[in-house]
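See structure below.
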Amino acid sequence: MLTIKEPASPTEPPRHKARLVLRGFEDQWKDYVDSTSPTAARATLRLLLSALASFGFVPRTVDVRTAFLQGLPLDRPNPVFVRPPAQARSPPGVVWRLQKCAYGLTDAPRRWYESVLLLMRDIGLARCTLDHGLFGRHRDGRLELVVAVHVDDFLFGGTAAAVTGFEASLRARFSVGPIKIGAFAFTGLSVRMVDGASTSAASIRVDQEAYVDTIEAINIRPGRLGHPRSPLDAAELTSYCLATGALLWSTRQTMPWLACAAALLARRFTCAVVADLTVANRVITAARRSRPLPLVFPPVSPPLRLRLFVDASSVKTGVPTAHSGFVVFSSPDSASGGRLSPDTPLTLLRYGSHRQRRVTHSSFAAEVYAMLEGVRAAMEVAAIHAFIASGDEYLQPPLDVFTDNLSVYNTLDADGVVVPKEVGAAVQELRELYHGGVLATVTWLRVPGQLAEVLTKLNRRSALEDTLRSGCFGIRLGPSDILSKSDLVAPSPSVSPA
């Protein structure tokens with residue numbers, strides 16, 4: 001396979017990259033080969049960048065050249081033979097026996113990951129339990145080095161000595177490209193460190209301007225506009241799927257306020273009509289208009305709190321499944337638990353917007369499932385944050401939950417049985433988490449303060465977008481707009497000896 005890549009500088013010619021790619025789909029043993037190859041999750045990358053900004057570490061990245069060829073040797077019980085490509089000019093009847101995995105083999109990513117894992121263990125890095133693409137090293141409970149792995153790309157940062165040692169070990173083990181520092185592209189994301197306007201502390205910004213610019217609007221033939229309910233033909237459906245796939249990728253990375261719009265487009269794949277093409281073009285226009293708005297990871301002094309906003313769309317007649325949305329922020333622990341003021345700093349760490357995986361017959365059930373999903377996601381964020389910050393995944397920050405459904409808020413400290421049984425089981429799990437102290441506070445707020453609302457329904461104006469633009473909650477709620485409670489046992493006041 002020949003790939004023409006962009007030149008390293010404007011004065012240099014384009015780079016030509018040739019790679020031997022095997023027809024792995026023809027491998028008769030492919031279904032019996034372990035292909036496990038973890039990569040760092042999107043939320044993990046945000047947590048890493050947030051930690052680097054808070055510790056004052058500069059983000060760095062490097063990619064490994066011909067990574068799969070540098071993986072561990074094949075470990076199959078049977079040898080693998082391949083026919084050489086024509087460019088090899090091998091004599092007729094000659095086949096090659098592979099010693100290592102090449103691109104295209106099912107187990108190539110796994111053998112590469114295992115070679116990375118071996119290096120990380122050799123240099124004393126621990127692997128995160130919840131995300132096997134994340135590694136870290138701490139000294140006396142303080143972060144020295146953190147590394148996220150995405151196939152052959154590494155995103156890392158730490159103290160000067162730790163970074164220098166890691167880069168030397170990486171180069172000694174693999175053939176790698178140049179180290180990029182402070183401003184670079186990583187898995188399609190533009191990452192750059194920016195000095196603070198009013199302080200000496202620097203923040204890290206992430207956007208997808210270059211990628212969003214490549215999303216082309218769908219060309220709708222003039223004669224089709226007069227038939228909005230007409231099903232799409234093959235060419236139109238292909239354009240619709242390509243545009244929706246590009247929107248799903250971008251909105252799940254850096255534009256949460258459009259995540260619901262992209263997810264609703266994806267739900268129409270099997271029944272799309274001409275009117276859906278117009279809707280898709282509107283979402284593309286909105287993405288281009290808002291692409292300069294980056295995700296910002298400012299320096300935040302520990303300790304932190306996690307703020308989880310959860311929401312679900314209303315259950316309506318003829319709609320078998322509701323839509324769930326959640327968003328997880330971090331903020332300084334100095335801010336009160338459930339009583340957010342407009343100037344409370346919030347840093348986005350994780351979010352989700354998708355159709356619920358079960359049929360619901362009431363809005364209450366939809367909200368319960370949405371809260372349970374959001375709490376589980378926030379608990380993962382808390383554990384990964386604790387791993388990065390201190391190396392101890394049990395030293396998790398407090399978690400505050402916000403919902404605009406008063407029934408769900410009230411049922412957490414009630415004793416009644418909820419039916420049907422599956423909804424009752426979800427409520428019981430939430431009650432146990434609440435009474436067990438996993439949820440530091442639970443807060444009901446009116447809809448204007450619900451930052452997750454745009455993740456479940458289409459809104460022209462998004463409070464979530466405004467929050468990301470300002471970096472603060474930004475919403476002023478009155479005393480009657482919010483209720484907050486906690487089941488945590490307050491510590492007994494210390495008594496000084498007489």
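The values are calculated or read from the model by the stated rules, or taken from the named source; none is laboratory data. Because the structure is predicted, anything quoted here is derived from the model rather than measured. For neighbour counting, all protein chains shown are included, and Cβ atoms are generated from backbone atoms with ideal geometry for every residue, glycine included. Only protein heavy atoms, including side chains, enter the accessible area calculation; ligands, DNA and RNA are left aside. Shrake-Rupley method; radii C 1.70, N 1.55, O 1.52, S 1.80 Å.
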- In whole Hz, with x marking every Gly and Pro, tabulate ³J(HN,Hα) for the stretch 225-237 from phi via Karplus 6.51 cos²θ - 1.76 cosθ + 1.60, θ = phi - 60°. 4, x, 10, x, 9, 6, x, 6, 7, 4, 5, 5, 5
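Taking the Cα centre of the stretch 104-211 as origin, work out the dipole magnitude from +1 charges on Lys and Arg Cβ and -1 charges on Asp and Glu Cβ, in debye rounded to 20. Walk me through the intermediate numbers first.
Values: 12 positive and 12 negative charges, 51 e Å.
My answer is approximately 240 debye.
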- Which angle between 0 and 90 degrees, to the nearest 10, do you get for helix 160-173 versus the longest principal axis of the chain when only C-alpha atoms count? 40
- Note on the structure: Between the alpha carbon centres of the stretch 399-440 and the stretch 71-113 the gap in Å comes to 54
- Cβ charges +1 (Lys, Arg) and -1 (Asp, Glu), total dipole of the stretch 298-384, debye: 260
- Selected from Ser480, Gln428, Cys241, residue furthest toward positive end of dipole (the chain; charges at beta carbon): Cys241
- Neighbour net charge for Leu45 - beta-carbon separation under 13 angstrom, K R +1, D E -1: +2
- Note on the structure: Relative contact order as a percentage, the chain, C-alpha pairs under 8 Å and 6+ apart, gives 14
- Carbon plus sulfur fraction of accessible area for the chain, probe 1.4 Å, in percent: 55
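Averaged per residue, what accessible surface does the stretch 157-251 expose to a 1.4 Å probe, in Å²?
Working: 4990 Å² over 95 residues.
Heavy-atom SASA per residue in the stretch 157-251 reads 52 Å².
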- Over the stretch 333-457, what per residue volume does the convex hull of the Cα atoms give, in whole Å³? 123
- Would you mind estimating how fast the stretch 33-160 diffuses translationally, via Stokes-Einstein at 25 °C and 0.890 mPa s with the Kirkwood radius over Cα pairs, in µm²/s? 148
- Item | the stretch 361-451 - accessible surface per residue (Å², probe 1.4 Å) | 40
- Message: If you take every residue apart from Ile475 with its C-beta less than 14 Å away from the C-beta of Ile475, what net charge results, scoring Lys and Arg +1 and Asp and Glu -1?
- Response: 0
- Tell me, what is the FRET efficiency for Asp34 and Arg221 to the nearest 0.05, using R0 = 41 angstrom and their Cβ-Cβ distance as r? 0.25
- Query: Normalised by the residues of the stretch 89-192, what does the relative contact order come to in percent, with Cα pairs under 8 Å and at least six apart?
  - Reply: 13
- How much net charge surrounds Arg446 when only the other residues with a Cβ under 9 Å from the Cβ of Arg446 are counted, with Lys and Arg +1 and Asp and Glu -1? -2
- HN-Hα J in Hz across the stretch 255-266 - Karplus 6.51, -1.76, 1.60, θ = phi - 60°, x for Gly and Pro: 10, x, 5, 10, 5, 5, 4, 5, 5, 5, 5, 5
- Query: Using θ = phi - 60° and the Karplus curve 6.51 cos²θ - 1.76 cosθ + 1.60, what whole-Hz ³J(HN,Hα) does each residue of the stretch 273-280 get, with Gly and Pro shown as x?
  - Reply: 10, 4, 4, 5, 5, 5, 4, 4
- Item | Computed magnitude of the charge dipole of the chain (debye, nearest 20; Cβ of K, R +1, Cβ of D, E -1) | 1400
- Normalising by the residue count of the stretch 235-292, find the relative contact order in percent from Cα pairs under 8 Å and 6+ residues apart. 38
- Count of lysine pairs in the chain with Cα separation under 24 Å (8 or more residues apart, or interchain): 7
- Enclosed volume per residue, in Å³, of the convex hull spanned by Cα atoms of the stretch 262-352: 144
